[in-house]
Structures are given as C-alpha cells and as structure tokens.
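Values quoted throughout were computed directly from the atomic coordinates according to the rules given, and no laboratory measurement underlies them. Owing to the predicted nature of the structure, the values given are computational and were not obtained by experimental measurement. Neighbour counts run over all protein chains shown; Cβ positions are idealised from the backbone, glycine included.
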Amino acid sequence: MPSSSKMTSGNFRTSSYVLGEGNTIKIHYYRSQPSKSEETEQVRRMPILLLHGYPQTSFMWKEVVREMSGQYDLVVPDLRGYGRSSKPKGSETHVEYSKREMANDMVNLMNGLGLECFDVVAHDRGARVAHRLILDHPGSVRRAMLIDIAPTLTTFESMDQDFIICSWHWFFQIMPSPLSENIIKNAGDAYWEAVTHNAKAGNFQFDEGAERMYKTAYLTEDSIHATCEDYRAAASIDLEHDRLSRQAGQKIEVQALRIIWGGRGQVEKTFGEKTIQVWQDCCDEKTPVSGEKYDAGHYIPEEKPEQLVKDIINFVS
C-alpha cells in the first residue's frame, strides 16, 4: 500500500483533451491500479472515481488511497480550477465552471482511461460535480457516495440566517470579478484561516503537510479566480441547469446512493434528520438511498478516514 507521500510523487499522470475550439483542458490525476495478486478479484470490482472539494485538491484522499490502493482501481483527479489541473478564465455566464462542464471533464477522463462505467465517491464541490454527472450521463455511474452536501438547488431554497452567517464565503466569492479575487489575494493566509478553520467545518485542523500543500495550490492568482468562478457558477448557471432538470422530471438513477454527512457541519444544521429524504426526493423510485451521520465536521475524508474507508468498501462491494 502506498504512503501518503506517493500522491505527491511520480504517480500522477496528466490527461488532456480538447474542450471546444482551440482550448485544451488538462486534468491532473492520480491512478492506483490493483496489484497482480488482486486481478481475479478485481474483475468483480468497479473502478472508483474520487472527487475532492473546496479549497482542497486530490491530496485530500491520501488516507483513503493509502488503505485502498492495490485492491481497487482508483482514479483521483484535481477538478478543473484546482490543484494542477487547468484553470480557464471565467466568462460572464460562468459556463467554464458549471458543474456540467466539470462533470464532462470527469467523464472524458474516465472514458479516456477506458472506463465507461464506474463508482463515484465525492466530497463537497466534487459531490456537486458528481450529482450533475449522474444526471447528464445516465449509465456512467453504478453507485455513488456523496459526502457532506445537500443538492445545490435545495440548499439555495433552504437557506436561513444561520446558513448565510456560517457559509458567508458562498456569497462573498460570487461578487463580480475581480473584487472577490483581489480581496482574497490581499488577505492571503487570513482568508484561508477564515474559510477553513471555522464552526461550519467543525473546527477541524488539517495536518501541517496537507494544509501547506492546499494553501500553496490555492493562494495563486489563477486558483483564486477559478474557485470564485466555481461558486459564481453554482449561484447562476448551475441553478438554471438544476431547475431545468427538475422541470423535466430528471432524477438520479444509480444502483445505490449513499449520503454521508458530519454531525457538526452545516448539512446537519440545515437539514438534520431530513438529509436522507432530501436526497431520496432527487432519485427515481428504483434507486435506494442510505446514509449515515458521522461524528465529524465537514472534512470527513481527513477527519474519519478509517470509518470512511470501511464504509466505501462495504458500499461498493
């Protein structure tokens, strides 16, 4: 099994493909394939796409990769706009960072690796990408585990004063460019601390090495712009897509959906015991939905990696 450091070494490969005329989007990813001794068992296992959240990178899955590598085919990318993946400049429509485009990136990546059907485990912004991927690419995902989110449209429709106070960055980062970007750039470490070390996140502290890596990747001009565009898209074009999907009666159709959320996070504060039902309402009648509230804040893959790994293995088996 690899150590955490292997996710920073030569095990990353870069996939690039054309996104429209003259634009090349590069998705940086880590892939851990089963060892030879696991090949027979692997025939019965789906590849797993692991998607990270804001303001992190694929490195947030380091403990999950450590435990599951060699047994499962894991594909662990940096989302568009994050880490070492491409960061195109956003436009007035924010389409470049719509979850539809980001989902297309992931499908193109997986298909380029010869993987047309796979399981998804996704956290935070990555889980929003996974939700749209399932809707736009039926049949691509067998099972999905979404971690510490509620559906984007439902979240905006359910916002109350507590949510707005605790998740203030949702609204700060959607201010017109370059206002948000300039303030974040000038605030630097202070902004990072305010966003990541707060009650909404359960006051969790990253380990020193991981936090240094995340901050280095995040506090660059391109990354700050890209992540602001991610939030601008969520408050505009993503809602348009979600409303159209709802009007069309489009539902999640997978073999199984599992929802994990933190008992000290914002999902619990906003939806509580209704969390699973909120997701059940987004699924067709044939899709079973299960879920569990962890004794954790928001950053569950790093707060409770052992519990999560057991959960993932049980779920995808």
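Okay, here's what the table says:
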read-out	value
For region 194-240 versus region 50-69, the gap between their alpha-carbon centres in whole angstrom	15
Exposure proxy ranking, count of Cβ atoms within 10 Å, fewest first, for 179, 50	179, 50
Mean Cα-pair separation over length for region 64-154, i.e. relative contact order, pairs under 8 Å, 6 or more apart, %	23
Relative contact order computed over the chain (Cα-Cα under 8 Å; 6+ residues apart), in percent	20
Spin-label model distance (nm) - residue 216 vs residue 246, 7 Å beyond Cα toward Cβ	4.3
Listed residue (133, 111, 153) projecting farthest to the positive dipole end of region 4-316, Cβ model	111
Amide H within-cut-off set for residue 252, under 5 Å, with H built and near neighbours excluded	283, 284
Those GluC sites (Glu not before Pro) in region 45-104 that DSSP places in a loop and that have at most 15 other beta carbons within 10 Å	92
The chain - share of DSSP beta bridges that are antiparallel (%, nearest 5)	30
Calculated [θ] (222 nm, deg cm²/dmol) that DSSP helices of n ≥ 4 give over the chain, each run adding -39,500 (n - 2.57)	-11500 deg cm²/dmol
Förster-model FRET efficiency, 30 Å R0, residue 277 and residue 111, C-beta, rounded to 0.05	0.35
Unit charges on C-beta of K, R, D, E only; dipole of the chain, Debye	500
Furthest towards positive pole of dipole, 166, 248, 226, structure part region 136-253, Cβ charges	248
Proximal charge balance of residue 238 [Cβ under 9 Å; K/R count +1, D/E count -1]	+2
Among (1) 1.13; (2) 0.99; (3) 0.93, the entry that matches Rg/Rh (Cα atoms, Kirkwood Rh) as calculated here	(3)
